[in-house]
Amino acid sequence: MAIMFISDLHLDERRPAITRLFLDWLKTRSSETQALYILGDLFEVWIGDDDDGELGKTVAGALRAVAEQGIPVYFQHGNRDFLLGRDYAAASGIQLLPESQVIDLYGTPILIMHGDTLCTDDVKYQAFRAKVRSPEWQENMLDKPLTLRRLLARQLRDESQQAVADKPPEIMDVNQQAVLDALNQHGVRHLLHGHTHRPAIHDFMLDGEPAQRIVLGDWYEQGSVLICDSDGRRLERLPLT
Ligand code: MN
């Protein structure tokens, strides 16, 4: 039995093959899954739990089927689906976690998060994040009619794509000092996150002791899963068939 971690699926009606890959994976691999953690950006965009789109319903049904087998499914918000709320959590049987959480991974305490807060070199993004994560902004957004929210979401996505294209790649990665600060703040030596789409296992030293940062991969050209069991941790790629 294994604990599975995924993030950055960016599920989107426009990429149905990735949704199929995810649904197949849930169905075929749940028998060996002890717990599933989704570390954000499950959806390319989330405009509110009252959105009645097919994709959200299909994914809720598939996640619920996993949860109903007694496999806990945990979710942390990403920068795309931070508006996902309690209603959708209830409908899909997932458990919402705070943005930073230390969990026990077979005896090793590990800090899990989406990872966007670690990209402190991207000052513009951090300012945007502070704005859209405020309760006032979110209440105001969720009060708008669905059609308007769809429009605004498309506009935000286009702006963000343009902003990403204009930024040098190094500022889109994590800042190592932010990584060390997060580890120290939580008193742990292991960190797991997604967001940067740079899957890797980084070993380094922290105060003279070995430390590790694991980065989950995105689901654009393939699926990507971190599989943890009593033997260790490995990043697995799932081919698109
Ligand atoms: Mn992200």
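The values are calculated or read from the model by the stated rules, or taken from the named source; none is laboratory data. Note that this is a predicted model, so its numbers are computed, not measured. Please note: Cβ atoms are built from the backbone with ideal geometry, for glycine as well, and neighbour counts cover all protein chains shown. Side chains included, ligands, DNA and RNA excluded: accessible areas come from the protein's heavy atoms. Shrake-Rupley method; radii C 1.70, N 1.55, O 1.52, S 1.80 Å.
Here the calculated FRET efficiency for residue 139 and residue 176, from their Cβ-Cβ distance with R0 = 45 Å, stands at 0.80, rounded to the nearest 0.05.
Evaluated with a Cβ-only charge set (Lys, Arg +1; Asp, Glu -1), region 165-241 carries a dipole of roughly 100 debye about its Cα centre, given to the nearest 20.
Here the scattering of the chain is modelled by Debye summation over its C-alpha atoms, one equal scatterer each and no solvent; at q = 0.15 Å⁻¹ the log10 of I(q)/I(0) is -1.10. Around the amide H of residue 95, modelled in the peptide plane, lie the amide H atoms of 73, 74, 75, all under 5 Å away and 5 or more residues distant in sequence or on another chain.
Taking the Cα centre of region 41-91 as reference, the dipole from Cβ charges on Lys and Arg (+1) and Asp and Glu (-1) amounts to some 220 debye. Whose amide H sits under 5 Å from the amide H of residue 236, counting only residues 5 or more places off or on another chain, with H placed in the peptide plane? Counting only residues 5 or more places away or on other chains, the set is 225, 226, 227. Can you list the residues of region 35-66 with backbone N under 20 Å from a point 7 Å past the Cα of residue 131, pointing along Cα to Cβ? Taking a point 7 Å out along Cα→Cβ of residue 131, the residues of region 35-66 whose backbone N falls under 20 Å are 45-48. Sequence-ordered 3J(HN,Hα) estimates for region 181-198 from the Karplus curve with 6.51, -1.76 and 1.60 and θ = phi - 60° stand at 4, 5, 4, 5, 4, 9, x, 10, 10, 10, 9, 10, 8, x, 6, 7, 6, 10 Hz, glycine and proline given as x.
Across the options 88, 114, 145, the greatest Cα extent toward the positive end of the charge dipole of region 50-203 (unit charges at beta carbon of Lys, Arg, Asp, Glu) belongs to 145.
In this simple spin-label approximation, residue 91 and residue 108 carry label points 7 Å from Cα along the Cα→Cβ vector, and these lie 3.7 nm apart. Once C-alpha pairs closer than 8 Å and six or more residues apart are averaged by separation and normalised to the residue number of region 39-139, the relative contact order reads 28 percent. If only the Cβ of Lys and Arg carry +1 and only the Cβ of Asp and Glu carry -1, the dipole of region 1-145 around its Cα centre is close to 240 debye.
What are the equivalent ellipsoid semi-axes of region 98-172, built from the alpha-carbon gyration tensor (square roots of five times its eigenvalues), in whole angstrom, biggest first? Let's see the in-between values first.
On the way: eigenvalues 156, 79, 24 Å².
Gyration-tensor ellipsoid for region 98-172: 28, 20, 11 Å.
Heavy atoms only, probe 1.4 angstrom, no DNA, RNA or ligands counted: give me 58, 33 ranked by accessible area, highest first. Kindly include the intermediate steps, with their values, before the conclusion.
Details: 58 60, 33 10 Å².
Ranked from most to least accessible, the order is 58, 33.
Scalar couplings 3J(HN,Hα) for region 67-73, obtained by applying the Karplus form with A = 6.51, B = -1.76, C = 1.60 to θ = phi - 60°, are 4, 6, 7, x, 9, x, 10 Hz; x denotes Gly and Pro.
Plainly put, region 2-42 has a radius of gyration that is 0.99 times its Kirkwood radius, both from alpha-carbon atoms, as the Rg/Rh ratio. Amide H contacts for residue 206 (H built 1.01 Å from N in the peptide plane; partners 5 or more residues away or on another chain; cut-off under 5 Å): 211.
Distance from the alpha carbon centroid of region 86-123 to that of region 162-196 works out to 14 angstrom. In a DSSP loop and with at most 11 other Cβ atoms within 10 Å, there are no chymotrypsin sites (Phe, Trp or Tyr not before Pro) in region 185-241. Cα convex hull, region 113-241: 161 Å³ per residue, rounded to a whole number.
For region 72-223, the relative contact order works out to 22 percent when only alpha carbon pairs closer than 8 Å and six or more residues apart are counted.
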